[in-house]
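*Asks:* Quick one: this structure, given as structure tokens, is what I'll be asking you about.
The values are calculated or read from the model by the stated rules, or taken from the named source; none is laboratory data. As the structure is a computational prediction, the values presented were derived from the model and not from experiment. Don't worry about glycine lacking a Cβ; one is built from the backbone with ideal geometry, like all the others, and counts go over all protein chains shown.
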Amino acid sequence: MSENVSSARESYIFGNYEILETTGSGGMGVVYRAVDLALNRTVALKVLRDDLRNQPHLVARFQREAKAFAALDHPNIVHIYSVGVIGRIPYIAMEFVEGEPLSEVLMSRGPIPWREALEIGSQVADALACAHDHLIIHRDIKPGNILIDREGRARVTDFGIAKVLNASTQLTADGARLGTPQYMCPERCQNKEITPLSDIYSLGVVLFQCISGRLPYETNSSVELIQRIASEPPARLRQFVPDAPDAVERLLAYMIEKKPAARPKDARELRTLIDRVLDGKPLDDHLDGMVHAIASFRKSLPPTATARAERDATTQLPAKQGWLERVSAAWFRRSRGTRLGLAGLAVLLLAALAGAAGYQALSRHTAWGNRPNLRLLATDAGRWHALNALATFSEETPQVQVIRFNLADFAVRSIVPSGGSQDAAVALIGLPGTARAGQHALCVVNPGVRDAAVLLSPTPVEFRVLGSASASSGEPGCLLASACDTVFAGLTPTERPPRGLLAQPADAATILPGKNVLALAARWTDAYGIAESDPETGQTRPLIGIANGRVQRMAYSADGAKLAYLMDDGVWLLDKSAGTSKCLLPGRAGLGPMPFSPDGKILAAIAQGSNGTSIKLLDAADGHEVADAGTGAAVLWHPSGAYLLIAAADRAERLQLWAVKKAAPYERVQLTHLGAGVTEEVAVSDDGKYALSAEPEVAALVAVALPESL
């Protein structure tokens, strides 16, 4: 077993605990759902990350924080059952809460009613009061650390970066600033002392977000965000929610005062204030700090009562908006940066609904003057980085990341590197039997910079990602097909809106990098077949007609002289110069996104037989079998040509990612050791630095940093 792999993950029996599945991860550890075999109860088991176990000071901090947390006994705090070490792996066994984080609630529902938000706030205030009584400051209050259980009760968890206020056990993190920047208090941003009032500030930001769907400070830069929190006044709630009660706005302003002394004096006073607002009573001007806070708040008000900012299209939608605006406003989320746009893909789906003629008309609208809400979402997308991140990036090992989308009830359908970058277009589909069944969404992920964005919000309109593409400008993009048409869609705001390639859906498509040549398999006017198209001019020429069946996947050789394609009856090879095709691998088969070796001589494919699946290496000239490289469910070449990437079963019969040497005896190196395994969807970034797959039946990707050679 690799030293980088968690023993808990590999063995599935960890001391007295049976590991069932991974449920999440944080800055210091990975969390599993497990069964305490001695007591026969389900627990949340948190173990210290593999790469941190050889740092004694971090191990000590992990254990001390856990023991401090274990002293907290409150109905709104997730209970600690035990703390210990098994096989040199420190762990915490916690109460397993059936429910979901507040971050997921906000992601799926958007802003919630102010009364509901304050009810949550009152419960969190109670939990903080208990923690502060035990000299513990949470220091990372945020939606992701507030669980909402099946009864609607708020449960605070993850005191993993708490600072224990005791002279003998005070701990730091080597001067590092800990916490989530969007919810950090001004004193933390200025490296000043943290007090229980810091948690009150963070809770105020959480409530502000719950009610408005926005944050008091929003910017694309973490450095700028910290500077603004430290020096600028925050936004007011009614800038975004004009009809919010005055008492609610003043309460939140009181909680997020710049100076700690100007906030509620403790969590119990905060609970009293929340209860007064919920009961419709005025805030008591005689409570400590309120006179100063209200005076400061009133000075910040505009000179006239009518000078309020109107709620924009992302917080209150006009009654006559269509489906695309509604789902975009509710779901569009950005985790970092602004280079990815929504407006172009909005045109794509509108075109799909309107048909080919409608698309041609829409594609001529470049000013977006008649669709202000879409323009807003496209041009102001960067601010969403400050809200709930679309995805969380956690390290399983130094080489393996798991990227979990905050999109409940979805699973990954396909992964396509998006032409010329480390970005990958990821199509998601709603799981059967859930509220999202039959819905489709499109995201972009870049594991190198840990960036993710929603490009197409969940919608009942079906579409498929056919392949990657790169415009003549070098901008990455992808090929998409709806029920009505096929388009090339650039993925950056500098790229033009999607342009039509076909007025009907293609079954498969692929683009030849750097050659501006696109292959499409579709039904033309008089026949079904494969044709080539110039994405810039739209000019198309037929390559070959196909009498029976439909093409499922295609891929060019590096020089563009050959085209491999998959059909129900096997893998076929088209020689463009001769205009002929032949079946290289008959029967049920599979074809990956990069089947040709870089020199074009070897084609890798999957043969499906009665005894399972096997990897076949075929001579791309005459089709004879060069080698059988063993079992596997998916295969593709690394761009360097140094080795193959495959999805194949491990000893527990779970699919994992492997690297396979390109020559006999085709030695394998296991790249992932995931409890859930991976799916048959495997892709590699164009630069060869990352392999991507997905965890089964969830909206989660697996990204593996790849070596140049084995």
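*Asks:* Within segment 222-261, count every residue that is among the basic types (Lys, Arg) and either surrounded by fewer than 18 Cβ atoms within 10 Å (Cβ to Cβ) or in a loop (DSSP other than H, G, I, E, B) (or both).
*Replies:* Of the residues in segment 222-261, 3 are among the basic types (Lys, Arg) and either surrounded by fewer than 18 Cβ atoms within 10 Å (Cβ to Cβ) or in a loop (DSSP other than H, G, I, E, B) (or both).
*Asks:* Could you check segment 689-707 and list, in sequence order, the residues that are surrounded by fewer than 18 Cβ atoms within 10 Å (Cβ to Cβ) and in a loop (DSSP other than H, G, I, E, B)?
*Replies:* Correct list: 689, 696, 697, 707.
*Asks:* If you don't mind, there's one more thing I want to ask. Look at residue 53 and say whether it is in contact (Cβ under 8 Å) with a residue 24 or more places away in the chain, of a type in the set (D, E, K, R), over 20 Å from residue 100 (Cα atoms) and surrounded by 19 or more Cβ atoms within 10 Å (Cβ to Cβ).
*Replies:* So residue 53 does not fit the description; no.
*Asks:* To continue, here is another question. Kindly indicate whether any position in segment 84-106 is in a helix (DSSP H, G or I), under 20 Å from residue 695 (Cα atoms) and either of a type in the set (Val, Ile, Thr) or within 23 Å of the chain's Cα centre (by Cα) (or both).
*Replies:* Yes: segment 84-106 contains one or more residues that are in a helix (DSSP H, G or I), under 20 Å from residue 695 (Cα atoms) and either of a type in the set (Val, Ile, Thr) or within 23 Å of the chain's Cα centre (by Cα) (or both).
*Asks:* Just give me the residues in segment 414-447 being touching a Lys or Arg at 6+ places or on another chain (Cβ under 7 Å) and over 21 Å from residue 553 (Cβ atoms), in sequence order.
*Replies:* 422, 430
*Asks:* Now a separate question. Counting only residues that are over 33 Å from the mean Cα position of the chain (by Cα) and either aromatic (Phe, Trp, Tyr) or closer than 19 Å to residue 574 by Cβ (or both), how many does segment 621-641 have?
*Replies:* 4
*Asks:* I'd like the residue in segment 542-585 that is in a loop (DSSP other than H, G, I, E, B) and touching a residue at least 40 places away in the same chain (Cβ under 8 Å) and, out of all such residues, is nearest to residue 626 (Cα to Cα).
*Replies:* Step by step, filter segment 542-585, then rank; the result is 557.
*Asks:* Quick one: which strands (runs of 3 or more DSSP E) sit completely within segment 586-677 and have at least 2 residues that are small (Gly, Ala, Ser) and farther than 26 Å from residue 22 by Cβ?
*Replies:* Result: 602-609, 612-619, 625-631.
*Asks:* On the given criteria, is residue 110 assigned by TED's automatic domain parsing to the domain that holds residue 264 and closer than 28 Å to residue 18 by Cβ?
*Replies:* no
*Asks:* Determine whether residue 104 is within 30 Å of residue 214 (Cα to Cα) and among the charged types (D, E, K, R).
*Replies:* yes
*Asks:* So, one more: Residues to consider are 675, 630, 688; find the one that is at positive phi and in contact with a strand residue (DSSP E or B) (Cβ under 9 Å, 6 or more places away or on another chain).
*Replies:* So the residue among 675, 630, 688 that is at positive phi and in contact with a strand residue (DSSP E or B) (Cβ under 9 Å, 6 or more places away or on another chain) is 630.
*Asks:* Considering only residues of segment 262-280 that are in a helix (DSSP H, G or I) and in contact (Cβ under 8 Å) with a residue 40 or more places away in the chain, which is nearest to residue 139 (Cα to Cα)?
*Replies:* Filtering first and then ranking leaves 267.
*Asks:* (1) in contact with a strand residue (DSSP E or B) (Cβ under 6 Å, 6 or more places away or on another chain); (2) over 17 Å from residue 424 (Cβ atoms); (3) surrounded by 21 or more Cβ atoms within 10 Å (Cβ to Cβ): which one isn't true of residue 710, the others all being true?
*Replies:* Failing condition for residue 710: (3).
*Asks:* Condition test on residue 414, is it outside any loop (DSSP other than H, G, I, E, B), hydroxyl-bearing (Ser, Thr, Tyr) and modelled with pLDDT of 75 or more?
*Replies:* So residue 414 fits the description; yes.
*Asks:* Still on this structure, please answer the following. Picking from 266, 279, 275, 285, which residue would you name as being out of contact with any Gly (no Cβ under 6 Å at 6 or more places or on another chain), modelled with pLDDT under 80 and not hydroxyl-bearing (Ser, Thr, Tyr)?
*Replies:* 285
*Asks:* Yes or no: residue 146 at pLDDT 90 or above, crowded, with 21+ Cβ neighbours inside 10 Å and within 24 Å of the chain's Cα centre (by Cα)?
*Replies:* yes
*Asks:* When you look at residue 468, is it at pLDDT below 85 and within 21 Å of residue 510 (Cα to Cα), yes or no?
*Replies:* yes
*Asks:* A further question on this structure: Which of the residues spanning segment 34-58 are outside any strand (DSSP E or B) and modelled with pLDDT under 85?
*Replies:* Selection gives 49, 50, 51, 52, 53, 54, 55, 56, 57, 58.
*Asks:* Step by step: first the residues of segment 76-111, then only those that are small (Gly, Ala, Ser) and buried (at least 19 other Cβ atoms within 10 Å of the Cβ), then the one that is farthest from residue 153 (Cα to Cα). Which residue is that?
*Replies:* 93
*Asks:* Any idea which residue in segment 20-33 is surrounded by the most Cβ atoms within 10 Å (Cβ to Cβ), counting only those that are over 19 Å from residue 63 (Cβ atoms) and at pLDDT below 85?
*Replies:* 22
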